[in-house]
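**Q** Okay, handing you the structure first.
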Amino acid sequence: ESDPDQITIGIIPTESSSSAMKGFEPFRKDMEKALGIPVKLFIAPDYAGVIEAMRFNKVQIAWFGNKSAIEAVNRAGGEVFVQTVDAAGNPGYWSLVVVHKDSAYHTIDDIIRDGGKLTFGNGDPNSTSGNLIPTYYLWGQHDIDPLKHFKRVRNANHETNLMAVANKQVDFATNNTENWNKFAQVHPDMIRNVRIVWKSPLIPSDPMVWRKDLPREWKSKIKGFFLAYGRVGADKEKELAVLKGMSSGWAPFQDSSNHQLLPIMEINYAKDKMKIQNNDRMAQTEKSQKLAEIDAKINEIQSYGKLVQQFN
Amino acid sequence: MQTQATQTAAIEVDTVSKTFGTDKALNEVSIRIAPGEMVALIGPSGSGKSTLLRHVAGLLAGDRDAGSVRIFGHQVQKNGTISPDIRKIRAEVGFIFQQFNLVGRLPLLTNVMTGMLARVGTWRSLLGWFSREEKERAMQALDCVGLAEHATQRAGTLSGGQQQRAAIARAMEQRARIILADEPIASLDPESARLVIECLAALNRNQGLTVLVSLHQVQFALQYCVRTIAMKDGCVVFDGPSQELTPTALRNIYGVRKSGVDLDGTAPLHIGVRPEPALLGAAA
Amino acid sequence: MQTQATQTAAIEVDTVSKTFGTDKALNEVSIRIAPGEMVALIGPSGSGKSTLLRHVAGLLAGDRDAGSVRIFGHQVQKNGTISPDIRKIRAEVGFIFQQFNLVGRLPLLTNVMTGMLARVGTWRSLLGWFSREEKERAMQALDCVGLAEHATQRAGTLSGGQQQRAAIARAMEQRARIILADEPIASLDPESARLVIECLAALNRNQGLTVLVSLHQVQFALQYCVRTIAMKDGCVVFDGPSQELTPTALRNIYGVRKSGVDLDGTAPLHIGVRPEPALLGAAA
Amino acid sequence: MTAVTSPHKIPDTPLCRKLLRLLAGLAFTLVLAWAWRGAEMRPLDLITYSANMAAYVSGFLTPDFSEWPQYVHQTAVTIQIAMWGTLLAVIGAVPLGLLSATNVAPFWVYQPVRRAMDACRSINEMIFAMLFISAVGLGPFAGVLALFMHTLGTLAKLFSEAVEAIDPQPVEGIRATGANKIQEIAYGIIPQVVPLWISYTLYRFESNVRSASVVGMVGAGGIGMLLWDAIRSFNYAATAAMLIILVAVVILMDLGSTCIRKRFI
Amino acid sequence: MTAVTSPHKIPDTPLCRKLLRLLAGLAFTLVLAWAWRGAEMRPLDLITYSANMAAYVSGFLTPDFSEWPQYVHQTAVTIQIAMWGTLLAVIGAVPLGLLSATNVAPFWVYQPVRRAMDACRSINEMIFAMLFISAVGLGPFAGVLALFMHTLGTLAKLFSEAVEAIDPQPVEGIRATGANKIQEIAYGIIPQVVPLWISYTLYRFESNVRSASVVGMVGAGGIGMLLWDAIRSFNYAATAAMLIILVAVVILMDLGSTCIRKRFI
Ligand SMILES: Nc1ncnc2c1ncn2[C@@H]1O[C@H](COP(=O)(O)OP(=O)(O)OP(=O)(O)O)[C@@H](O)[C@H]1O
Ligand SMILES: Nc1ncnc2c1ncn2[C@@H]1O[C@H](COP(=O)(O)OP(=O)(O)OP(=O)(O)O)[C@@H](O)[C@H]1O
Ligand SMILES: [Mg+2]
Ligand SMILES: [Mg+2]
């Protein structure tokens, strides 16, 4: 554990995002000043490269989505240390199911009932809000395999899905509040053609992850800088303005830990479970063995969660 | 038709010049060939024979400011612009190229059949639908030049003389009224050469074709062509009855060359041979 | 060296055959040429002259089961396998191709300088660093064939005869001990032709080069070569002193051809001409 | 012209051309140096950290073929889409490629055609994909159309440049028979370029099969998307399996391409 | 051979070849039909819903250049990366392309080299990107290396197929002088293929500049990533502006390519 001679930050804009570099630049400068060593920023639209980079210690700090943070923790020796908070103070965002405004469907139950007639615009398989959350809360709870239940399932990203709904090319699709707001800004006329029929429970906002093996003193320096930013000190107002310019607009960071990933992890396991259950080709013994493994993991998470609740 | 044709010249080249870089390959060349004539074109290597023939067929445009070419009164080019209806004229002019210009990847028979493209409709030729009769004609032409058994061979793999004969068959197949032949017998053995030139002469004599043939073997010019045109350094230096081509005249045409090759033969190529042929001498 | 060379043949071809498809281009050909000889190779078009020469230079491998070629005792090929040290042997053999085989996109001077590649190191030639002296030699060779002023022109744009002379200059530049010339004078005017053949003769006479030259103009063979080899349909049909080539012998060689061209000339190419030259007749 | 040049004079490159060459060389070097800085080249890192690369690669050493029926199926899907995308593009690229060759078409034809093809190539495939999604909806057909547009631009360019590099002599031979332009092309040009055209077509077909983005983007699945998913979930065992399948497919296509071209060379 | 064939007999294609041709044609048609179904081709939709396309395109009609300095900067970044990626690939592709040409290298050389190049092409650029990220970290250099590997595979293939299509006569001319293999290549082959090689190189350079994924993936930015962001956020005005810049760059490169090639044709 030697002192790092520079800190590299990887940034993966959660859903789709642009001009992140511009927003982060003043923050980077302030951080450089506070830490006294060079700080470099890399913005990559996909997390895979950043996670590999973190694994090989080419990146020390990164901003991930919840799901990618799990990968970083499992794979690249990462650890959540703070969490972003949006400018409105929301501690997270929500997954949505949308239909065309002229659609006959008003609840998710209607949709499930008429499933055989409907085309479903599902999210990218790696998207938390577009795929993971609806899979868990909607199809999982109703014991539905979307591929079999609906007439047709298309996987695409949020934007394409929203467009497809607006153009009546799919009957319903998944989305999330952040993407919805952005689309509404750019295409106010189009958004009027789309209606929300379902909103998920809260999804925790994005975590910041560092490499677990950073030296202790550096960890405290860094965490101190993040938490103090926009909260204390003479430059507080200026720093708040900087935070407001980052991504879709942030408030000061909040303390966090790997703990924030547990609900998503649980959902993830649930999804794996579904996949295995729906796999027709897997041998029955293998299936039950794998399911047992996953159940054990879910149990662990749940009991840990209970434990934590007990002490809080 | 015959009477009408005698009025206009078959080939009329009027002060055409052609400059490559700084080099004048044609220098105000004017010639006039009546229908039914058979004319030999001679001259030293690089004197502009091929260039002249390609101008006549409208394959090369002359210099901007001067000259025109007409075939049977139809304009081929003027002041360096090739006339737009050139294709129709070209169909009447068979061209035998010095380098054969066959399509190496196509079979010999197809190469010969390209001679009739102007008569075959675009669509039919695009789809390669040649009638049985057309194919038979092409085979007949190949048979005449002694290549019938090579019909399916790729043109690129034929021997030099075979390629030359294939080029001749293609031009014949065109059934043109004028034949421009650029050294059609250069790569042929004496018998084949005689056959080809006699065939040209027969076409000229029996069917009234106009023939302009460039030759290096002067004896053929003297024997088969009544009239000879001689070029040198891009200029026409002789144009008249072949029998006036005396040895002195020939010496004049071929004699003094652009650069320093002397004709006496006393000092031929002064390139040395290595004193010691190293490898083979040592190893043997 | 001279004494040693007389013991082994300069060129020794031993029952070489070559089949293309079903066509035997060479049929158990055996020839033996002593060092210092100048031999003419004649034969009708397609008789296998070029194929034979390419076998001698190891550019083409013969059929599997038969024959070998040796140059000064060094094996060029045997049983259809070209020997691995062929490059060293080729450096001693200058080859003048019937189709010239120049690199059309390179300037003439560079084409001539490729003749010395075997003498120039790989690296130097890769970088194109030819010494002043080497360039001067190449210019001298070009000057000899009368092309000095075309040195920077692209080989592809030269006239036919100029390309042929360029190919000769390249082969000369190689300073080989054997010259294989495939119709080196086919595209040349009479004077240039005489010059080239005299030059070959001089190299043979003065410097002891072995020369094997294929020719269509039999008079040159008779005049310059003591010995002539004649081929027909891939077989050697005559091999002896040139003066024994009587007109009957020649008629035998060139006379009866593979396919139906008759030699009497009574029925030359029977290709008709359109009865009515439609376009031009109507328009004129 | 009649002035006799001194014999053996080696032709010199004119001074102005030498200068121009020097300048061009200098400019090129400067641009490369600028790009070197911009690209932050640190070649030594490759050696210093080669252990990292080995560690990364080791993840691929145990391919997991358990899902192979899915891989094969998705490969077939991609092949189907790529096949029609490429076929349509070839049909368009033959005329457009000829029309953008300087030795076939006049200036006022080849300039606009070339520029249109440049645009086809440079407009992102995603934009075409979304354009066609708006008309034909999500699904493989939108992928076919998007691939078609992009491949058209590429093939037309490559086709035309092969045409520009042909030997003009055989074409002149055909022209002299009085053939019209189309016949000249069919008999003089096409036989010369056909081996290269086949090679380009199969290259583009292959690269369309590989291409992940478009086919995945329009919701048609395809091996590219599966592969991408596997990479993103760090499932390197599955990734390796799919790569092996892809490499096999590409090798098969390359062998096929060699076979077909051999008949035309 | 001595058997005299009857004159004027038109050579027939042998029956077995005719059958083979028919079979090949049938197989091809069947495969196309299979692909037609798989690709869910519905050409009529294009006409039925052309209004949708028009609506989509109309979004692009008002390009918004307000951010142009950023666009230009990112374009320059991509050019820098593509330049080195392409240059390195060319340096590798010249020998490898020659070694994978059937008319240059023997069987036991060109087979493995070709297969290696197939692998270079078919392994996803992302995998190379991550491989190099593990060694050199995030940044443009990883992009250069990933582009290099992929471009190497492509160029070596294209280079070798141009070599296979050359005219063998000039090469034989050089060979006969006793030149060794390398000299044969330098003087007989390269002059023939150089126009095509230049064309391929500039095509790959151009396509590397356009390519969004790799450069963005390694965190080096680039116009491709900006464009992608703009598309995904439905900012079609900005998208249109960037497209115009990209089209201009590609047109410039195409013009440059024409200029350079003209000197070698
Ligand atoms: N690559 C090849 N493929 C098929 N046949 C060939 C090939 N090369 C030559 N031939 C055939 O071999 C025979 C001999 O050809 P060759 O070139 O040796 O003749 P040649 O005596 O040089 O004739 P010419 O005087 O016309 O040059 C010809 O019938 C020719 O068609
Ligand atoms: N495309 C070209 N570019 C430059 N120079 C050329 C071009 N074509 C021909 N020349 C030159 O023009 C002159 C005349 O060439 P041409 O081919 O007409 O000669 P020729 O009389 O046919 O000679 P040969 O008997 O050798 O065939 C030559 O000096 C040649 O180098
Ligand atoms: Mg000529
Ligand atoms: Mg020959």
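A short reminder: the numbers here are calculations on the coordinates, not readings from a lab. It should be emphasised that the depicted structure is a prediction, and the values quoted were computed from it without experimental measurement. Neighbour counts run over all protein chains shown; Cβ positions are idealised from the backbone, glycine included.
**Q** How large is Rg over Rh for segment A:99-191, taking Rg from the Cα atoms and Rh as the Kirkwood inverse mean of 1/r across Cα pairs?
**A** 0.95
**Q** State, to one decimal in nm, how far the label point of E:ASN180 lies from the label point of B:ASP23, with both points 7 Å from Cα in the Cβ direction.
**A** The two pseudo-label positions are separated by 3.5 nm.
**Q** From the Cα gyration tensor of chain C, with a ≥ b ≥ c the square roots of its eigenvalues, which class applies: rounded if a/c is under 1.5, or else prolate if a/b is larger than b/c, or else oblate?
**A** oblate
**Q** Compute the distance in nm between two label points, each set 7 Å from the Cα along the Cα-to-Cβ direction, one at D:SER233 and one at A:LYS101.
**A** Taking the simple label geometry, D:SER233 and A:LYS101 are separated by 3.8 nm.
**Q** I've got another one for you. Please give every one of the aspartates and glutamates within straight-line cross-link reach of A:LYS238, meaning a C-alpha to C-alpha distance under 20 Å, and leave out same-chain neighbours fewer than 8 residues apart.
**A** Counting by Cα, and skipping residues close in sequence, A:LYS238 has these aspartates and glutamates nearby: A:GLU25, A:ASP30, A:GLU32, A:ASP86.
**Q** Testing the spin-label approximation: label points 7 Å from Cα along Cα→Cβ at A:VAL308 and B:LEU126. State their distance in nm.
**A** Label at A:VAL308, label at B:LEU126, 7.2 nm between them.
**Q** Test of understanding: in a Gaussian network model of chain E with alpha carbons linked when under 10 Å, which of E:GLY97, E:GLY173, E:GLY139 would top the mean-square fluctuation ranking?
**A** Evaluated over chain E, the most mobile residue of the options is E:GLY173.
**Q** How many angstrom separate the Cα center of segment A:224-269 from the Cα center of segment A:34-106?
**A** Measuring centre to centre over Cα atoms gives 12 Å.
**Q** Please give the average number of partner chain Cβ atoms lying within 10 Å of the Cβ of each residue in D:235-246, rounded to a whole number.
**A** Mean shielding by partner chains, rounded to a whole number: 2.
**Q** In addition: Put a point 7 Å out from Cα along the line to Cβ at E:PRO43; what are the distances to that point in the other copies, in nm, shortest first?
**A** 5.2
**Q** Right, here's the next one. Could you state the principal axis extents of the C-alpha atoms in segment B:157-243, from the largest down, to the nearest angstrom?
**A** 39, 28, 23
**Q** Please find the FRET efficiency linking D:SER66 to A:LYS297, where r is the Cβ-Cβ separation and R0 is fixed at 25 Å, and quote it to the nearest 0.05.
**A** Efficiency for this residue pair is about 0.75.
**Q** Expressed as cubic angstrom per residue, what is the convex hull volume of the alpha carbon set of segment C:101-176?
**A** Here the figure is 83 Å³ per residue.
**Q** Hey, could you get me the Stokes-Einstein D for the protein assembly as shown, Kirkwood radius over alpha-carbon pairs, 37 °C and 0.692 mPa s, rounded to whole µm² s⁻¹?
**A** Using the Kirkwood radius from Cα pairs, D works out to 91 µm²/s.
**Q** Still on this structure, please answer the following. With a sphere of radius 12 Å drawn around the Cβ of C:SER131, what net charge do the other residues whose Cβ falls strictly inside it have (Lys, Arg +1; Asp, Glu -1)?
**A** Here the charged neighbours net out to +2.
**Q** In whole Hz and in residue order, list the ³J(HN,Hα) couplings for segment D:160-171 that follow from phi through the Karplus curve 6.51 cos²θ - 1.76 cosθ + 1.60, θ = phi - 60°; x for Gly and Pro.
**A** For segment D:160-171, the Karplus-derived couplings read 5, 6, 5, 5, 5, 9, 6, 7, x, 4, x, 5 Hz, x marking Gly and Pro.
**Q** Classify chain E as rounded, prolate or oblate, taking a ≥ b ≥ c as the square roots of the eigenvalues of its Cα gyration tensor: rounded when a/c is under 1.5, otherwise prolate if a/b is larger than b/c and oblate if not.
**A** Oblate.
**Q** Amide H neighbours of B:ALA181 under 5 Å, counting only residues 5+ apart in sequence or on other chains, H built in-plane at 1.01 Å?
**A** HN-HN under 5 Å from B:ALA181: B:ILE96, B:LEU212, B:VAL213, B:SER214.
**Q** Restricted to Cα positions, what overall size does chain A have along the principal axes? Three whole-Å values, descending.
**A** Largest to smallest, the principal-axis extents are 61, 54, 37 Å.
**Q** Using the structure shown, select from A:LYS101/A:LYS148; A:LYS58/A:LYS236; A:LYS58/A:LYS223; A:LYS199/A:LYS306 the pairs with a Cα to Cα distance greater than 24 angstrom.
**A** Over 24 Å apart, Cα to Cα: A:LYS101/A:LYS148; A:LYS58/A:LYS236; A:LYS199/A:LYS306.
**Q** Given the rotation that superposes chain B on chain C, what residue of B brings its beta carbon nearest the axis, and what is the distance in Å?
**A** Residue plus distance in Å, as requested: B:ALA186, 2.
**Q** Oh, and also: Just going by the charge dipole of chain B, with Lys and Arg at +1 and Asp and Glu at -1 on Cβ, which of B:VAL112, B:VAL56, B:GLY160 is farthest out on the positive end?
**A** About the Cα centre, the residue reaching furthest to the positive side is B:VAL112.
**Q** Turning to a different aspect of this structure: Tell me, what HN-Hα J-couplings in whole Hz come from the Karplus equation 6.51 cos²θ - 1.76 cosθ + 1.60 at θ = phi - 60° for each residue of segment E:131-145, using x for Gly and Pro?
**A** Each residue of segment E:131-145 in turn: 4, 6, 4, 5, 9, 10, x, 5, x, x, 5, 4, x, 4, 5 Hz.
**Q** Give, as ranges by residue number, the residues of segment E:215-253 whose backbone N falls under 17 Å from the point 7 Å along Cα→Cβ of A:ASP189.
**A** E:234-238
**Q** Can you tally the lysine pairs in chain C where the Cα-Cα distance is under 19 Å and the two residues are eight or more apart, or on different chains?
**A** Final tally of qualifying lysine pairs is 12.
**Q** Please state, as a whole number in µm²/s, the translational diffusion coefficient that the Stokes-Einstein equation yields for segment E:1-104 at 37 °C and 0.692 mPa s, with Rh defined as the Kirkwood radius across alpha carbon pairs.
**A** In µm²/s, the coefficient rounds to 148.
**Q** Moving to a separate point now. Expressed in nm to one decimal, what extension gain is obtained for the pair A:GLN289 and A:ILE37 from 0.36 nm per residue of sequence separation less their Cα-Cα distance?
**A** Taking 0.36 nm per residue and subtracting the Cα distance, the gain is 85.7 nm.
**Q** Helix-only estimate, please: 222 nm mean residue ellipticity of chain E, summing -39500 (n - 2.57) across DSSP H runs of length 4 or more and dividing by its residues, to the nearest 500.
**A** -24500 deg cm²/dmol
**Q** Calculate the FRET efficiency for A:ALA228 and E:ALA55 from the Cβ-Cβ distance with a Förster distance of 60 Å, rounded to the nearest 0.05.
**A** 0.75
**Q** Something else: Using a 10 angstrom cutoff on alpha carbons, build the Gaussian network for chain A and name the most mobile of A:ILE37, A:ILE12, A:ILE267.
**A** Of the options given, A:ILE37 has the highest mean-square fluctuation.
**Q** Set Lys and Arg Cβ to +1 and Asp and Glu Cβ to -1, take the dipole of segment E:199-264 about its Cα centre, and tell me which of E:GLY256, E:MET217, E:ALA230 lies farthest positive.
**A** Farthest along the dipole direction, towards plus: E:GLY256.
**Q** Only four residue types carry charge here, +1 at the Cβ of Lys and Arg and -1 at the Cβ of Asp and Glu. Report the dipole size of chain D about the Cα centre in Debye, rounded to the nearest 20.
**A** Dipole about the Cα centre, nearest 20: 740 debye.
**Q** If you don't mind, another one. Quick one: work out the % antiparallel among DSSP beta bridges in chain B, nearest 5.
**A** 60 percent
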